[in-house]
1. Rank these residues by their accessible area, most exposed first, probe 1.4 Å: LEU23, LEU28, LEU64.
2. Over the chain, average the accessible area per residue using a 1.4 Å probe and give it in Å², no decimals.
3. Let me make sure I get this right: for the chain, a, b and c are the square roots of the gyration tensor eigenvalues over alpha carbons, sorted descending. Under 1.5 in a/c it's rounded, otherwise prolate if a/b > b/c, else oblate. Which is it?
4. Taking amide H positions as placed 1.01 Å from N in the peptide plane, with prolines and chain starts having none, which residues 5 or more places from GLY39, or on another chain, fall under 5 Å of its amide H?
5. Work through the residues other than VAL76 whose Cβ is under 13 Å from its Cβ and net out their charges, Lys, Arg +1 and Asp, Glu -1.
6. So who's got an amide H within less than 5 Å of the one on GLY109, skipping anything under 5 residues away but keeping other chains? H placed 1.01 Å off N, in plane.
7. Can you give me the % of accessible surface on the chain that is carbon or sulfur? Probe 1.4 Å, all protein chains present, nothing else counted.
8. I need the phi-derived Karplus couplings for the range 13-29: 6.51 cos²θ - 1.76 cosθ + 1.60, θ = phi - 60°, integer Hz, Gly and Pro marked x.
Amino acid sequence: MKTSGTVVIGTVQGDIHEIGKSLVGTMLSANGFSVYDLGVDVPPGDFIAKVRETGANLVGLSALLTTTMEVQREVVEALEKAGLRSQVKVMVGGSPVTRGWAEEIGADGYAEDAIGAVDLARKLSG
Ligand code: B12
């Protein structure tokens, strides 16, 4: 199957909530995306390393805690510092995350569920 794009996904550092992130990864995979799931409690540097290694065009950041939402911002900043920001679109999600938060931290998009994440990934890859 032709891949729709390559996604590096994970739950950000400090956060061990896995279920929603895994659902999103599975749905992306089922819809033709190549998915690299880094698991949970993922430090910003691990996202950077995997994007470099795979040449991914999308990064998905899950956060379920109000405290770890801030790490989504750190990953966006780390991508900028690493010179990779123009190569990848950043999607954020998780129950406390909103469209407004996505805009505030300079992410490219937000989706509230796994179906929405597939639509968003298609849009951002297009
Ligand atoms: C299950 C659960 C746990 C399980 C996690 C098991 C696992 N393996 O994942 C366990 C028991 C381990 C757990 C632990 C904790 N939890 Co908890 N947990 C939950 C609970 C009940 C459900 C989360 C869940 O799985 N939902 C189902 C999935 C399908 O939904 P979802 O995660 O929201 O994902 C969907 C969308 O958000 C979106 N999405 C998710 N990620 C992404 C990513 C992208 C890129 C996109 C586009 C979309 C997207 O799509 C998904 C699919 O539809 C929530 C309550 C809630 N209502 O959310 C609390 C909740 C998140 N937990 C909470 C807390 C406080 C904790 C603990 C700190 C408790 C403690 N004192 O130890 C610890 C966290 C420790 C840590 N460092 O992470 C709080 C957070 C409060 C806050 N505002 O920060 C909540 C809200 C409960 C509450 N009301 O107090 N938890």
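The values are calculated or read from the model by the stated rules, or taken from the named source; none is laboratory data. All values derive from a computational prediction rather than experimental measurement. No Cβ is skipped: glycine too gets one built from the backbone with ideal geometry, and neighbour counts run over all protein chains shown. Remember, those area values only see protein heavy atoms, side chains included, never the ligands or the DNA or RNA. Shrake-Rupley method; radii C 1.70, N 1.55, O 1.52, S 1.80 Å.
1. LEU23, LEU64, LEU28
2. Result: 49 Å² of accessible area for each residue.
3. On the way: a/c = 1.35, a/b = 1.14, b/c = 1.19.
Since a/c stays below 1.5, the shape of the chain is classed as rounded.
4. THR11
5. Residues close to VAL76 contribute a combined charge of -3.
6. Hits under the 5 Å cutoff: VAL90, VAL92.
7. Values: 3140 of 6150 Å².
Carbon and sulfur: 51 percent of the exposed surface of the chain.
8. Here the 3J(HN,Hα) series is 3, x, 10, 10, 5, 10, 4, x, 4, 5, 4, 4, x, 5, 5, 5, 4 Hz.
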